[in-house]
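Structure, as structure tokens:
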């Protein structure tokens, strides 16, 4: 299935609003109002939307774009231009490399780890999952199930154990076995937000103290939360030095513009987008393909 079809609501909602602009024989105040409305409702954000349309207006004037199709094409090029150039690779360095996955409960973090692990195993890497969300027995069991599906090993501790100790043990186990990569789940809620952030900072410190090297800290966000995701990204970024974002449930969201919003405001690249429940429905984020899918 193409990315266009997988994006579902995100593509449909945005493309429908752009249809009110495409085909217009002239560009007037109503054209710009509709474009701004489309961007804001897609959760690009008020300030980024205004800045983007300023650039589109300037280019339209210089290039003589006088109809709706021309303006929409310029908008598309400007969005791709803003997203291009970011480093979206996943760093593997050290023996083993450690990727920490952070995010609040309910965003699909554990499932995302399973899917990322499956991709890495398919690429020939040996992978260990660290069940660091020790406060939720269901999360540990779910991660163990995903490890079995992915062909990975899982290291788990007792319920309520110190998450840092579980991650440390997983890293040491991986090093002893010559494993390439540790994917570490972390808690999404520990009593209060401050406690959670302190816990994550501790996990990150401990994960890098032993034989492993923390090369990625990936924040998992639910795309359906829209601008609330920006608040989460700021908080987690302060605590865990986030290197990349994974946006889940993009197929069920009308807010595809959140990709531009988080990258524009936070400077953190989106590395994967989740577009379904299937094993292969987590795909690397490619700006040109993504924007093409949204606009068509």
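Computed on the chain, the Cα convex hull volume stands at 115 Å³ per residue. Distance from the Cα centroid of the range 163-223 to that of the range 30-94 is 36 Å (rounded to whole angstrom). Axis angle, to the nearest 10 degrees, between helix 68-83 and the longest C-alpha principal axis of the chain: 30 degrees. Annotation: the residues 110, 213, sorted from fewest to most other C-beta atoms within 10 Å of their own C-beta, follow the order 213, 110.
By DSSP, the beta bridges lying fully in the chain are antiparallel in about 10 percent of cases. Helical runs (DSSP H, four residues minimum) scored at -39500 (n - 2.57) apiece and divided by the length of the chain put the mean residue ellipticity at 222 nm at -16000 deg cm²/dmol.
Between helix 137-150 and the chain there is an angle of about 80 degrees, using the helix long axis and the longest principal axis of the Cα atoms.
In this rough spin-label picture, where each label sits 7 Å from Cα along the Cβ direction, the residue 138-residue 36 distance is 4.4 nm.
The reciprocal of the average 1/r between distinct C-alpha atoms defines the Kirkwood hydrodynamic radius, which for the range 97-242 equals 14.8 Å. In the elastic network of the chain, a GNM with C-alpha springs shorter than 10 Å, the most mobile of 201, 38, 138 is 138. You can think of it this way: the chain between residue 89 and residue 289 has 70.4 nm of extra reach, that is 0.36 nm per residue less the Cα-Cα gap. Value of Rg to Rh for the range 171-233, rounded to two decimals, is 1.05; Kirkwood radius and Rg both from alpha-carbon coordinates. As a rough footprinting exposure proxy, the listed residues 186, 89, 112 were ranked by other beta carbons within 10 Å of their own, and the order from fewest upward is 89, 112, 186. Rounded to the nearest 10 degrees, the inclination of helix 109-122 to the longest alpha-carbon principal axis of the chain is 80 degrees. At full extension, residue 159 and residue 20 could sit 44.6 nm farther apart than now, given 0.36 nm per residue minus the alpha carbon distance. At q = 0.11 Å⁻¹, what is the log10 ratio I(q)/I(0) for the range 6-114, with the Debye formula run over Cα points and no solvent? With no solvent term, the Cα-only Debye profile gives -0.51. Neighbour counts of C-beta atoms inside 10 Å place 181, 266, 196 in the sequence 266, 196, 181, starting with the fewest. Per the Debye formula with a single identical scatterer at each Cα and no solvent contribution, what log10 I(q)/I(0) holds for the range 178-296 at q = 0.14 Å⁻¹? Log10 I(q)/I(0), no solvent term: -0.65.
None of the figures in this text is laboratory data; all of them are computed from the coordinates on show. Just so we're clear, the structure is a prediction, and the values are computed from it rather than from any experiment. Glycine gets a Cβ as well: all are built from the backbone with ideal geometry, and neighbour counts include every protein chain shown.
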